[in-house]
Amino acid sequence: MRIVGLTGGIASGKSTVSNLFKASGIPVVDADVVARDVLKKGSGGWKRVVAAFGEEILLPSGEVDRPKLGQIVFSSGSKRQLLNKLMAPYISSGIFWEILKQWASGAKVIVVDIPLLFEVKMDKWTKPIVVVWVSQETQLKRLVERDGLSEEDARNRVMAQMPLDSKRSKADLVIDNNGSLDDLHQQFDKVLSEIRKPLTWIEFWRSRQGAFSVIGSVILGLSVCKQLKIGS
């Protein structure tokens, strides 16, 4: 199975690219969706985060007020690191189980959409790595327009993440999203062609089909050995 890593930065257009993969029939494991699930009221992640940040981050319903929590952690490096440390085990486990589900369904290629792909060292388990890149100026402009943030708040959020230039230098495939939507689609089509190339032998043996082939070969080998033993 080929596990493709998809990452980018806030307001880079990563979610748009993720949706293009889904529309093309490529299953996507979305770390943001997993993070929302592990932060639901009463979950282990919810309990740890509330214990660390207090009940003032909760909505009247008891669910975490995600915008409020985001405002807290993006204004403090230490609090952001604390949140990442608390949530990492739950998110990693959730991603693993989602990948396992796709493996069990017979998927040969899946995309793992993780904003912090490099920061949490998940890049070691994905190949190729696709980075959606924009200039910092474009990133700030889009963030202000999209979320209605002040320029200062937008800059704080951008600066809280690994620079996109650094991510770009670590990528196998780069989608430059500074241009139009048509430009994005053209670049995406090229990336899609790359990740749909035939699996390598190693990737094949990691797939469900490969695993069944190994199991079948072992069973056949044992059966032959048993017959030979009986015949002797």
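Summary of values
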{"item": "Region 182-198, residues that are in contact (Cβ under 8 Å) with a residue 24 or more places away in the chain and open to solvent by 90 Å² or more (accessible area, probe 1.4 Å)", "result": "Arg196"}
{"item": "In region 108-156, residue nearest to Phe204 (Cα to Cα) [restricted to those that are acidic (Asp, Glu) and out of contact with any Gly (no Cβ under 8 Å at 6 or more places or on another chain)]", "result": "Asp113"}
{"item": "Residue count, region 88-116 (criterion: charged (D, E, K, R) and open to solvent by less than 50 Å² (accessible area, probe 1.4 Å))", "result": "1"}
{"item": "Per-region count, region 21-40, residues assigned to a loop (DSSP other than H, G, I, E, B), modelled with pLDDT under 95 and open to solvent by 40 Å² or more (accessible area, probe 1.4 Å)", "result": "1"}
{"item": "Residue in region 118-131 that is more than 14 Å from the chain's Cα centre (by Cα), among the hydrophobic types (A, V, I, L, M, F, W, C) and closer than 27 Å to Glu145 by Cβ present", "result": "no"}
{"item": "Search result, residues across region 135-156 that are open to solvent by less than 50 Å² (accessible area, probe 1.4 Å) and closer than 25 Å to Gln81 by Cβ", "result": "Gln139, Leu140, Leu143, Leu149, Ala154"}
{"item": "Complete set of residues in region 74-87 that are part of a helix (DSSP H, G or I) and open to solvent by less than 40 Å² (accessible area, probe 1.4 Å)", "result": "Gly77, Leu83, Leu86, Met87"}
{"item": "Residues located in region 1-12, provided they are part of a loop (DSSP other than H, G, I, E, B) and modelled with pLDDT under 95", "result": "Met1, Gly9, Ile10, Ala11"}
{"item": "Failed condition for Lys170, given (1) in the same structural domain as Phe118 (by the TED database); (2) free of Cβ contacts under 8 Å to residues at least 40 places away in the same chain", "result": "(2)"}
{"item": "Helices (runs of 4 or more DSSP H) (entirely within region 115-205) containing at least 2 residues that are more than 20 Å from Lys22 (Cα to Cα)", "result": "136-147, 151-159, 164-170"}
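The values are calculated or read from the model by the stated rules, or taken from the named source; none is laboratory data. Being a predicted model, the structure only gives us computed values, none of them experimental. Neighbour counts run over all protein chains shown; Cβ positions are idealised from the backbone, glycine included. Ligands, DNA and RNA are excluded from the accessible area calculation, which covers all protein heavy atoms including side chains. Shrake-Rupley method; radii C 1.70, N 1.55, O 1.52, S 1.80 Å.
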